[in-house]
């Protein structure tokens, strides 16, 4: 009898385990939305049903953005522009610095070049502009050059180097910066 109870218990446990395994192996099919994410239900027939929102799930209140507290902003910087317009043929140039736009810097440099006796078309040929940096004009015996860089020293050195490769007696005639300013 003891053996009979043991075999019966074992059989019952085997049946329970088998049922549990069968239930777990089929559980992937028991999803309420049948493959759709939370809040969506399938519409249409297989093989191509689409998922649409469930009625009343996530209504209009859920779609309203939650007001976030304003984050403090760091410093705001404004670009500053500079330009050089050079009439190399007549030895005239105009400059502009700390302008609020490239267009304004170019216009001011061209106007100054013309005001100093430069010819408009020649001033345009020697136009050089930059933002948030520095510029330099270097003139030598037979050659002139304009350059811009992060600092006056760098702009001057680059212009002096190029001038020195092309002529003698190179000198810096102008250097200036247009650096960003805090708003």
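Values in this text are rule-based calculations from the coordinates and carry no lab data. All figures in this text were calculated on a predicted structure; none of them were measured in a lab. Note that each Cβ is placed from the backbone with ideal geometry, even for glycine, and that neighbours are counted across all protein chains shown.
Each peptide in 109-118, 36-45 receives the mean, over its residues, of other Cβ atoms within 10 Å, and ordering these scores from highest gives 109-118, 36-45. Ranking of 138, 106 by neighbouring Cβ atoms within 10 Å, starting from the fewest: 106, 138.
Using only the C-alpha atoms of the range 101-156, find the volume of their convex hull and express it per residue in Å³. Convex hull of Cα atoms, per residue: 83 Å³. In plain terms, the chain from residue 120 to residue 181 could stretch by 18.8 nm, reckoned as 0.36 nm per residue minus the Cα-Cα distance.
Taking N as the residue count of the range 77-182, its C-alpha radius of gyration divided by 2.2 N^0.38 Å amounts to 1.01.
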